[in-house]
1. Among (1) surrounded by 17 or more Cβ atoms within 10 Å (Cβ to Cβ); (2) touching a helix residue (DSSP H, G or I) at 6+ places or on another chain (Cβ under 6 Å), there is one condition residue 93 misses while meeting the rest; what is its number?
2. Yes or no: residue 45 in a loop (DSSP other than H, G, I, E, B), outside the structural domain of residue 92 (by TED's automatic domain parsing) and more than 10 Å from the chain's Cα centre (by Cα)?
3. Could you please let me know if residue 100 is surrounded by 15 or more Cβ atoms within 10 Å (Cβ to Cβ), assigned to a helix (DSSP H, G or I), modelled with pLDDT of 95 or more and outside the structural domain of residue 14 (by TED's automatic domain parsing)?
4. Within the range 17-41, track down each residue that is under 15 Å from residue 71 (Cα atoms) and either without any contact (Cβ under 8 Å) to a residue 24 or more places away in the chain or in a loop (DSSP other than H, G, I, E, B) (or both).
5. Mind checking whether some residue in the range 53-67 is at pLDDT 95 or above, within 23 Å of residue 12 (Cα to Cα), in contact with a helix residue (DSSP H, G or I) (Cβ under 9 Å, 6 or more places away or on another chain) and surrounded by fewer than 20 Cβ atoms within 10 Å (Cβ to Cβ)?
6. Is it fair to say residue 71 is modelled with pLDDT of 95 or more, assigned by TED's automatic domain parsing to the domain that holds residue 30, buried (at least 18 other Cβ atoms within 10 Å of the Cβ) and assigned to a helix (DSSP H, G or I)?
């Protein structure tokens, strides 16, 4: 069991609640994103899986791209992060979300060349 599912040696109630809710609604992008955020620190592979699923379900979910890029970046996979940030900028532009596009551009620029 991942550290994200445990809190102080016991099951993390947020993670367990989200998992139960997802059992009832497995294609709920909001729930998938929320669980990914819970997993992001301690279970990067699970966070990657969940964020990719969010993007499959909602291709214009700009912040899923941002978070996915951050997970790649924190694992030292800067090429993957760069690609995800670029895809996210495209999605944000298509969604008309200039704020998200700007945040994704900032993350991309922070990676450098």
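1. Every listed condition holds for residue 93 apart from (1).
2. Against the criterion (in a loop (DSSP other than H, G, I, E, B), outside the structural domain of residue 92 (by TED's automatic domain parsing) and more than 10 Å from the chain's Cα centre (by Cα)), residue 45 does not qualify.
3. Values: surrounded by 15 or more Cβ atoms within 10 Å (Cβ to Cβ): yes; assigned to a helix (DSSP H, G or I): yes; modelled with pLDDT of 95 or more: yes; outside the structural domain of residue 14 (by TED's automatic domain parsing): yes.
Answer is yes for this residue.
4. Listed by number, the residues that qualify are 34, 35, 40, 41.
5. yes
6. no
The values are calculated or read from the model by the stated rules, or taken from the named source; none is laboratory data. Owing to the predicted nature of the structure, the values given are computational and were not obtained by experimental measurement. Glycine also receives a Cβ, built like all others from the backbone with ideal geometry; neighbour counts cover every protein chain displayed.
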